[in-house]
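Structure record follows, encoded as structure tokens.
The values are calculated or read from the model by the stated rules, or taken from the named source; none is laboratory data. Worth saying up front: this structure is predicted, and the values here are computed from it rather than measured. Using ideal geometry, Cβ is built from the backbone for each residue, glycine included, and neighbour counts are taken over all protein chains shown. Surface accessibility is based on the protein's heavy atoms, side chains included, excluding ligands, DNA and RNA. Shrake-Rupley method; radii C 1.70, N 1.55, O 1.52, S 1.80 Å.
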Amino acid sequence: MIEVNQVSKRFGNIAAVRNVTFSVSSGEVYGLLGENGAGKTTTMRMMATILQPTEGDIRIGGFSVRTQPVEVRRRIGILFGGDVGLYNRLTARENIAYFGRLYGLTGARLDQRIDQLSRMLHMEAFIDRRVGGFSRGMKQKVAIARTLVHDPDVILLDEPTTGLDVTAANMFRRMVAMLREEGKTILFSSHNMGEIEKLCSRIAIIHKGSLRYAGTVAALRERCGMNDLDDIFMAMVEEGGR
Amino acid sequence: MDRQVVWTIFGKEMLDLLRDRKTLIGTFLIPLVVIPFVFFLLSMSYSNVEKEARAYVPIAVTGTSKLVDHLRSQPGVRILSPDRPAEALQAGELRAIVTIPDHFDQALRSGGSARLHVAYDNTNQKSVYAKSVIDSAVQQYSSDIVSMRLRQAGLSAEAIKPIETTYENAASDERQTGGMLAGIIPLMVVLSLASGGVAAATDLVAGEKERGTLESLLTTPIAANQILTAKLLAVMVMSCISATASLLSLSFVFRLGPLKVDGTVLSFGFLSPASLAVLAATIVLLAALFAGLELTLSTVAKSFKEGQTYMTGVVILAMIPSYMLMPIHPVDIPALYYVLPVFNGVALCKEAFYGAVDPLHTLVGLGTSLLYVSVVIAATARLFRREGAVVRW
Ligand SMILES: Nc1ncnc2c1ncn2[C@@H]1O[C@H](COP(=O)(O)OP(=O)(O)O)[C@@H](O)[C@H]1O
Ligand SMILES: [Mg+2]
């Protein structure tokens, strides 16, 4: 579903992503692991066609981000973590409906979809309130609903649990697992190895823009001969650094 | 589908903007606060200066003559004799100093002429008024002398004034109103056009970029151009709302205010359909130009704050031509102004309000405006579509 093929991205003389290759299949939550500045967001932005790869290509559902960006955008939903961008002066419903309309949903279909998402994410109590006064957790729910409003096949989650408390982060991961059961293709980035392991069987580790590992967590454990995830991560980062 | 997307975005932008107090303040500041305030100040200072100038006219007189009686009989005149008259005049304690030479009355009575010296302060409105008071006293005294001389020669007063002229002002009341409004209205309209869109433009790009919503918007299957078109429309609408509110506010203030002096009837009746059409086209094009410039700056800005700072530039850009053209009568507007950006809009506004719309000027002014608008919008679009322009990192 997602094929990242020898992708590089340079900003002037900063090489943010260097020759990265991995692929994600449907019904899978794939982990993209890296420290701050590793190039996770840049990779996601290239998948979402906001940035163009300097070299290489990414295919989503068979469509190239270079030559068929609109087809790609139709099929993806992207969620940025941290201080999620919502329109504070609009209600939760208005925020979600706006994006729904931009994906071509209208009328009863749109209303039904919003009600469905509202139930799924337990937003009934605040769906018609303005987003400005919401807590981080509530905002996150609205942002998720917005990401899923057009029922995308491919879901890109860029450090989605940043800023969430433990309960909210747990709930979020349960929801991701549910989406996996529906057969969605999910890319989940994080700087936290423990979190990734709870959800993903396959991961890619990037460091300073370069791919350090792509494969299953189990194989990684075996290769490093260590059990502690943080140790493994450190080992991987240092290995390539030398 | 294309159009519908633009309307969807436009609808959301308007909803968002109209719920924003900052935007509303920006849009209605000039029409609802600045205009009434400026007019209040103008009329206050105008009527106060006028009143004081009339009520009390202190002058000093040296020498003797019957003229002094005439001066005394003028309303408000007080004859003072300060120690240092020249300094008192400088300080504004005296409005004028009348110096009557020796043997003044004798010279006049004997059929000769005499020279009267009046010192006044041209920079002081009240002193200028005193001068006119002295003038009329001198006129009265002169005509007394003239009648006396004519009588002595056995003639009547008509003998030296065979032609009596009555003057009638060719400008109708409506034209006069137009003239007065033509000075201040383009200034206010152009200023509110420029400033009315500032808050909206800042919010809709720099603000959305800062909040990260623009990035999400660009991951949907719509074109960047559609987003920009909708935003441009939204900013233009806010500009035009501001300008319209300013026009209404001006008409209201003119109707109410004590500026309704000298029998000038103030109405908007002087706007002929042709003037109105030119005015509307000019306003829309100016709004588009300002909206384009403001969105460009908003796109370049790295943050909301930075955007706000840049916007000041647009408002100043609007102010300079407006002030430069304010005192100029349309007939005297240099031809060059009809091709310069913003100048051409202000010039056409003036013509419309003077009821003197010139077809060639209109064609050139609107044509060049359209050109500037296209260039600015093309540049904005290019900037907006540039990779990563809307991404914060
Ligand atoms: N638009 C941009 N222009 C220039 N440099 C950028 C831009 N976006 C990211 N970078 C740089 O690219 C590198 C990778 O950044 P990013 O992809 O945001 O990392 P991550 O998401 O893993 O923390 C960083 O060094 C960052 O400073
Ligand atoms: Mg990141």
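Taking chain B as a Gaussian network of alpha-carbon nodes connected by springs under 10 Å, the highest mean-square fluctuation of the residues B:Val38, B:Val357, B:Val284 belongs to B:Val38. Within 10 Å of the Cβ of each residue in B:9-22, the mean number of Cβ atoms contributed by other protein chains is 3.
To the nearest 10 degrees, how steeply does helix A:136-148 sit against the main Cα axis of chain A, on a 0 to 90 scale? So the helix axis and the longest Cα principal axis differ by about 90 degrees.
Counting only protein chain heavy atoms and rolling a 1.4 Å probe, the accessible areas of B:Ser272, B:Ser110 rank, largest first, as B:Ser110, B:Ser272.
GNM on chain B, alpha-carbon springs under 10 angstrom: the most fluctuating residue among B:Pro36, B:Pro330, B:Pro359 is B:Pro359. Computed with a 1.4 Å probe over protein heavy atoms only, the accessible area of B:Arg78 comes to about 120 Å².
Per-residue SASA remark: B:Asp203, around 10 Å² accessible (1.4 Å probe; ligands, DNA and RNA not included).
Rounded to the nearest 10 degrees, the angle from helix B:224-256 to the longest Cα principal axis of chain B is 20 degrees. Between A:Asp165 and B:Arg21, what FRET efficiency follows from the Cβ-Cβ distance if R0 is 35 Å, with the result rounded to 0.05? Result of the calculation: an efficiency of 0.65.
Site pair B:Lys161 and B:Ala335 shows an inter-label distance of 4.6 nm when each label is modelled 7 Å from Cα along Cα→Cβ. Among beta bridges from DSSP that stay inside chain B, the antiparallel ones total about 35%. The calculated FRET efficiency for the pair B:Arg255 and B:His103, based on their C-beta separation and a Förster distance of 56 Å, comes to about 0.45.
Sorted largest first by accessible area at a 1.4 angstrom probe radius, with every protein chain in place, the residues A:Arg223, A:Arg59 fall in the order A:Arg223, A:Arg59.
The distance linking region A:160-232 with region B:65-140 is 98 Å (Cα centroid to Cα centroid, whole angstrom). Computed from Cα atoms alone, the Kirkwood hydrodynamic radius reported for region A:174-242 is 12.9 Å.
Can you work out the FRET efficiency for the pair A:Ile14 and B:Thr123, with r the C-beta to C-beta distance and R0 = 60 Å, to the nearest 0.05?
On the way: r = 64 Å, r/R0 = 1.07.
Computed FRET efficiency for A:Ile14 and B:Thr123: 0.40.
Other protein chain C-beta atoms within 10 Å of residue C-beta, averaged over B:219-228: 6. Considering helices alone, the calculated mean residue ellipticity of the protein assembly as shown at 222 nm is -18000 deg cm²/dmol, with DSSP H runs of length four and up weighted by -39500 (n - 2.57) and normalised per residue. Ranking A:Glu3, B:Glu50 from most to least accessible surface, computed with a 1.4 Å probe over the protein chains only, gives A:Glu3, B:Glu50. Between 0 and 90 degrees, the angle of helix B:35-55 with respect to the longest Cα principal axis of chain B falls at about 10 degrees. Spacing of the modelled spin labels on B:Ala153 and B:Arg385, each 7 Å from Cα toward Cβ, amounts to 8.7 nm.
The antiparallel fraction among DSSP beta bridges confined to chain A stands at about 50%. Mean partner shielding of peptide A:96-103, defined as the number of other chain Cβ atoms within 10 Å of each residue Cβ, is 5. Maximal additional length on extending the B:Val38-B:Asp135 stretch stands at 31.5 nm, based on 0.36 nm per residue less the C-alpha distance.
Comparing B:Ala91, B:Ala243, B:Ala288 in a Gaussian network model of chain B where C-alpha atoms under 10 Å apart are linked, the largest mean-square fluctuation is found at B:Ala91.
When DSSP beta bridges are limited to those with both residues in region B:55-159, what percentage is antiparallel, rounded to the nearest 5? Around 35 percent antiparallel, to the nearest 5. Please say if the protein assembly as shown is rounded, prolate or oblate, where rounded means a/c under 1.5 for a ≥ b ≥ c the square roots of the C-alpha gyration tensor eigenvalues, and otherwise the choice is prolate for a/b larger than b/c and oblate otherwise? It comes out prolate by the Cα gyration axes.
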